[in-house]
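J.: Got a structure for you, questions after.
The values are calculated or read from the model by the stated rules, or taken from the named source; none is laboratory data. What you see is a predicted model, and the numbers here were worked out from it, not measured in a lab. Methodologically, a virtual Cβ is constructed for each residue, glycine included, from the backbone with ideal geometry; neighbour enumeration extends over all protein chains shown. These accessible areas exclude ligands, DNA and RNA; they are computed on the full protein's heavy atoms, side chains included. Shrake-Rupley method; radii C 1.70, N 1.55, O 1.52, S 1.80 Å.
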Amino acid sequence: MIELEGVPELIDPVMICAFEGWNDAGDAASTAVGHLDREWKGEVFASLDAEDYYDFQVNRPTVALEGGVRKITWPTTRLSVVRADTGEKSRDLVLVRGIEPSMRWRSFCNEILGYAHELGVEMVVILGALLGDTPHTRPVPVSGVTSDPDLARSLDLEETRYEGPTGIVGVLQEACTHAGVPAVSLWAAVPHYVSQPPNPKATLALLNRLEDLIAVRIPLGELTEDSRAWQLGVDQLAAEDSEVAEYVQSLEEARDTAELPEASGEAIAREFERYLRRRDGQPGPTGGHATESGGLEGGTGAPGAPYLRDPSSGHGRPRKPSPKDEVAKDDEVAKEGDAEETHGAEGTGGGAESEAKDADAAKDEDAATDGAKGADDGQGAEDRDGSPLDGGGGDEDSGSDR
């Protein structure tokens, strides 16, 4: 039986686990748990015996000098507890952070589940990261999976369908299922062409999804800025190699095409809810739409570029009409009005010709002669009016070209 000393009664505890190694691409998962421990000042209350689970030729101990005294740190898995108190809702998190064990995985999982039972843990969330064909320029995809159909429906998760080699994340999740403990795995996809740790963008994505899952606001610290700096650095490296740049572009196109039908609904609602939670009463941007240069057009930001990026196709789209465009439009309407007046003049000329012919039939020979003369005058007026009409039509075509 596990005996716990110095651990107070916990509030709605959730166990968050991450393990370095095969299931931790870019160290994204273990860094996420480390971030929680650091931000909330976690206190270690237990550690697993390294002799039972680790091959020290694979995971070697480290030596450090502390006050002139040599100290050996053995690779192991440690458990700490933190209170997530953000003013909105308080709950305790049991953080499990370590290295994927080299042996005795079933005993390893049973020992962790023993702690979960003693602490009254309501749910176990295991974080992982894998290498994938995903571009670094797009949001990091995070999938949530579980083996429990009821949990999948209630938390909007996927039921796991994976078949193949697995790591300690898969084994621990299955052990939780057999023990009757609700368990969820969150997986972040890391671009395989930049797999070197750290990857703060993937860590940030995992924490955002975890925040949605456990309904507790997580302080992000400097992670947001670190994520932007990381992406900028990868952008610069990719720009220096044309082959890499082309490959990234092909991944972007494939990703955009695949996710276009999902660009609405629950995903957008989730992002909006996260924004509302984080704004802390501060007003958001007022009006406008983002431009390629990063400013706002039609809002409070700086004037934007003349073309905006169309998210559905990746191509530019025309900007909204400006005041100058309205003036040009008014000029074009005026020209059309002139053309209509010219048509009216032409109709008048035709009417004069018709009256002259009627007068020719009703009057005597002298009056008919005068009527014929009037008809000739009307025809001359028609010829003169025909010239401006042709010219007006030319201006209209020219305006259309502009």
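J.: Using modelled amide H (1.01 Å from N, peptide plane; none on Pro or chain starts), what sits under 5 Å from the amide H of residue 46, excluding residues fewer than 5 places away?
T.: 79
J.: From the protein chains alone at 1.4 Å, what is the descending order of accessible area for 162, 54, largest first? Working shown, then result.
T.: Numbers: 162 140, 54 10 Å².
These residues rank, largest area first, as 162, 54.
J.: Just to confirm a number: summing +1 for Lys and Arg and -1 for Asp and Glu over residues other than residue 62 whose beta-carbon lies under 13 angstrom from that of residue 62, what do you get? Don't skip to the end; give the middle numbers.
T.: Details: positive: 60, 70, 71; negative: 66.
It works out to a net charge of +2.
J.: Here's a follow-up. Please list, in order along segment 184-193, the HN-Hα scalar couplings obtained from phi with the Karplus expression 6.51 cos²θ - 1.76 cosθ + 1.60 (θ = phi - 60°), rounded to whole Hz, x for Gly and Pro.
T.: Values, residue by residue: 9, 10, 10, 10, 9, 8, 9, x, 5, 7 Hz.
J.: Also: Heavy-atom accessible area per residue, segment 14-221, 1.4 Å probe: how many Å²?
T.: 46
J.: At R0 = 35 Å, how high is the FRET efficiency between residue 106 and residue 143 if r is their beta carbon distance? Nearest 0.05 is fine.
T.: Working: r = 26 Å, r/R0 = 0.74.
The formula returns an efficiency of 0.85 here.
J.: Here's another thing I want to ask about it. Leaving ligands, DNA and RNA out of it, report the carbon-plus-sulfur percent of the accessible area of segment 14-221 at a 1.4 Å probe. Please report the intermediate quantities before stating the final value.
T.: Details: 4660 of 9570 Å².
The C+S portion of the solvent-accessible surface of segment 14-221 is 49 percent.
J.: With only Lys, Arg, Asp and Glu charged, each at its Cβ (+1 for the first two, -1 for the last two), find how big the charge dipole of segment 14-221 is about the Cα centre; round to the nearest 20 debye.
T.: Dipole size: approximately 540 debye.
J.: Take 92, 256 and sort them by solvent-accessible surface of the protein heavy atoms, 1.4 Å probe, largest at the top.
T.: Details: 92 5, 256 50 Å².
Reading off the accessible areas and sorting them downward yields 256, 92.
J.: Using amide H atoms built in the peptide plane, which far-off residues or other-chain residues are under 5 Å from residue 24 H to H?
T.: 129
J.: May I ask for the Rg/Rh ratio of segment 143-236, computed from Cα atoms with Rh as the Kirkwood radius, given to two decimals?
T.: On the way: Rg = 15.6 Å, Rh = 15.1 Å.
Rg/Rh: 1.03.
J.: OK, next. For residue 178, what accessible surface area do you get with a 1.4 Å probe? Give it in Å², rounded to 10.
T.: 150
J.: What residues qualify as long-range amide H neighbours of residue 132, i.e. H under 5 Å apart, gap of 5 or more or another chain, H built at 1.01 Å from N?
T.: 190, 192
J.: Further question on the same structure: Given segment 14-221, what whole percent of its Cα pairs are spread farther than 27 Å?
T.: Percent of Cα pairs beyond 27 Å in segment 14-221: 29.
J.: Tell me, what HN-Hα J-couplings in whole Hz come from the Karplus equation 6.51 cos²θ - 1.76 cosθ + 1.60 at θ = phi - 60° for each residue of segment 164-174, using x for Gly and Pro?
T.: With coefficients 6.51, -1.76 and 1.60, one gets x, x, 9, x, 5, 4, x, 5, 5, 4, 5 Hz.
J.: Another question about this same structure. Probe radius 1.4 Å, ligands and nucleic acids left out: which of 103, 15 has the largest accessible area, and how do the rest follow?
T.: Sorted by accessible area, descending: 103, 15.
J.: Largest first and in whole Å, what are the equivalent-ellipsoid semi-axes of segment 51-119 based on the Cα gyration tensor, each being the root of 5 times an eigenvalue?
T.: Sorted largest first and rounded, they come to 28, 21, 9 Å.
J.: To continue, here is another question. With a cap of 10 neighbouring Cβ atoms within 10 Å, and only residues DSSP puts in a loop, list the GluC sites (Glu not before Pro) found in segment 69-139.
T.: 88
J.: Still on this model: For residue 231 and residue 89, what does the FRET efficiency come to when R0 = 41 Å and r is the distance between their Cβ atoms, rounded to the nearest 0.05?
T.: Result of the calculation: an efficiency of 0.85.
J.: What is the calculated FRET efficiency for residue 73 to residue 158, with r their C-beta to C-beta distance and R₀ = 45 Å, to the nearest 0.05?
T.: So the FRET efficiency works out to roughly 0.75.
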